[in-house]
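The values are calculated or read from the model by the stated rules, or taken from the named source; none is laboratory data. Keep in mind that what you see is a predicted model, and the values were worked out from it rather than measured. All Cβ positions, glycine included, derive from the backbone under ideal geometry; neighbour counts span all protein chains shown. These area figures cover heavy atoms from the full protein model, side chains too; ligands, DNA and RNA do not enter into them. Shrake-Rupley method; radii C 1.70, N 1.55, O 1.52, S 1.80 Å.
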Amino acid sequence: MGKKQHQQDKLYLTTTEWKNSFGGYKGTTKVNGDFRRLPFNCCSISFQPVENPYCTPDGIIFELASIVPFLKKFGRNPVTGEKLEAKNLFKLNFHKNTKDEIHCPITFKVMTESSHIVAIRPSGNVYSYDAIDRLNIKTNTFTDLLTNEPFKREDIITIQDPKKLDKFNIQAFAHLKNDWKLDDEDEKARRTDPNYYLKYINNETAATLEQIKSARSKEFQEKSESSIYSNKQVKSNQQQLDQTNMATYSTGRLAASFTSTSMDPVTVMEAATRDENEVRYSRIRNGKKKGYVRLVTNLGVINIELDCDLCPQTCDNFIKHCADKYYVGTKFHRSIKNFIIQGGDPTGTGFGGKSIWNKPFRDECNSKLQHTGRGMLSMANSGPNTNKSQFFFTYRSCKSLNGKHTVFGKIVGGIETLSAMEAIPTGEKDRPQSDIVVEDTVVFVNPYDEVDDELKAERERQVKRDADEEKFNGTVRSAKSATTTKSSTAIDTSSNQVFRSGVGKYISNQVYSSAKQAAPATDEDNEYIQKKKRKLAATSSGGTLNFSQW
């Protein structure tokens, strides 16, 4: 430790001095850090693989559909920015092998990004440089190797030189630097789409935009106006609010209008309307109702019990199809021994069918219903929540299907018919060699019709009660208005008659006397009268006080 311990001068060269002052190692330098390479077989304007390639004398490739309008508008080379005319371009002929790879037609070598590629200007044929060097340049015979067309040494155009790749650097393209863009009709049409300016959207937003795009404008306007965030607040007339479908929660309009500046103020709390199917299904669940259906096939009948209380939506779809004879004429198109037999497809291909709502509906897998035992009825699907009309019966327990397919019923009669189905041999794709056809469907018990009748009767009774109540309220209002009119007339006729001076001068003597008789004087009233008399007597002698009456 000395007194010069803090000075900057050292007895040796520091790293900074060596690097900055004495030419030492300055670290790694990134060469061509902004280099972005374009493949040799892509257009320098659209950056897409070329189909009709045309080349400049510099060996720059363009697509015909891109370069022609560009030259008409700008008249310059899109890469270098120099003037360029269409007559200077010539067509290229790329040769491809059986694997659709560009290769040299002479050496049959596949051309890659590291290949030296040249083209002959008169013919437009593209070769590897090795073939041209060995067969044309070294032999001094300048004829095309395929067409035998003569050419000059200057007609050999270099398409790609692995040692000189500057012309493939996208960052240096003049049309990108100067923002030279074409007014493409397709591009204009795409810009009219609002999604054109969205760089990234999630799946939920994409599905919503697709739904808005596919829906009719009038229908979307009606839905948007019926939303709680609409300032018009148009109520939907599709379902009327009543005691049967009134929800325990509100529509949210009151809270939304309180916090929103675009909605009209709402001061009344409105109950939300429950979906009609939700009301029906909740009653079926609470009533623990079952459904019973029969399938009549060419091999016999199958009686089915449906668990409507556990799978109300699935059973509703199946019973409705059976009632509408949707399954009549369909075939069981798939049968796997010791596994399942599948049907319910009108096309018989395994890819058809639709639900009663004309769209797939959700799964209703229940832990109480499993693929356990023979004769269980379950829905066939192509993935989660894709149920339509196809169903299958189990030949044995299939625990691997639990949680993937909705079990909604079981065979309670005609199990021998299922055995006859299993005994039929199958061919390609597990299709039975003999047709198993559904000839008829019979619905014995339909709990959904029962619930619909109950709801209809309740609504009729409610309408009748409302009408009676309105009639009663109208009668009461009429009576009140008649009484009010009569009393007001009596008051008007006697309003001008004066019975006395002071307070109560318009009260008749008859009313006053009757009130007096109805309310006899009490001890307190008598005492008050005596005090008043004594006071009057005391002041009766010309302003002097007289206490003789006390």
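For the reader, a short list of remarks on this structure follows.
- Given LYS72/LYS164; LYS354/LYS410; LYS96/LYS163; LYS72/LYS213; LYS73/LYS177; LYS213/LYS404, the pairs whose alpha carbons are separated by over 27 Å: LYS72/LYS164; LYS72/LYS213; LYS213/LYS404
- Carbon and sulfur %, accessible surface of segment 118-196 computed with the full protein complex present, 1.4 Å: 45
- Accessible surface of segment 253-317 [probe 1.4 Å, protein heavy atoms]: carbon and sulfur percent: 51
- Annotation note: trypsin sites (Lys or Arg not before Pro) in segment 66-143 located in DSSP loop regions with a Cβ neighbour count of at most 14 within 10 Å are LYS99, LYS109, LYS138.
- Residues of type aspartates and glutamates that LYS388 reaches as a straight line, Cα spacing below 16 Å, ignoring anything fewer than 8 places off in the same chain: ASP316, ASP324, ASP345, ASP363, GLU364
- Between GLY414 and ASN303, the built amide H atoms are under 5 Å apart, and every one of these is 5 or more places off in sequence or on another chain.
- Using a probe of 1.4 angstrom and keeping all protein chains present, the accessible surface of segment 360-417 works out to 44 square angstrom per residue.
- Annotation for segment 127-150 versus segment 327-404: alpha-carbon center distance of 68 Å.
- Shape category assigned to segment 368-448 from the gyration tensor of Cα positions, a/c cut at 1.5: rounded
- For segment 98-147, the square roots a ≥ b ≥ c of the C-alpha gyration tensor eigenvalues yield an a/c of 1.5 or more together with a/b exceeding b/c, which makes the shape prolate.
- Distant-in-sequence amide contacts of PHE391, defined by a placed amide H-H separation under 5 Å and a gap of 5 or more residues or a different chain, comprise GLY343, GLY344, ALA380.
- Rounded if a/c under 1.5, otherwise prolate or oblate - segment 269-337, Cα gyration tensor axes: prolate
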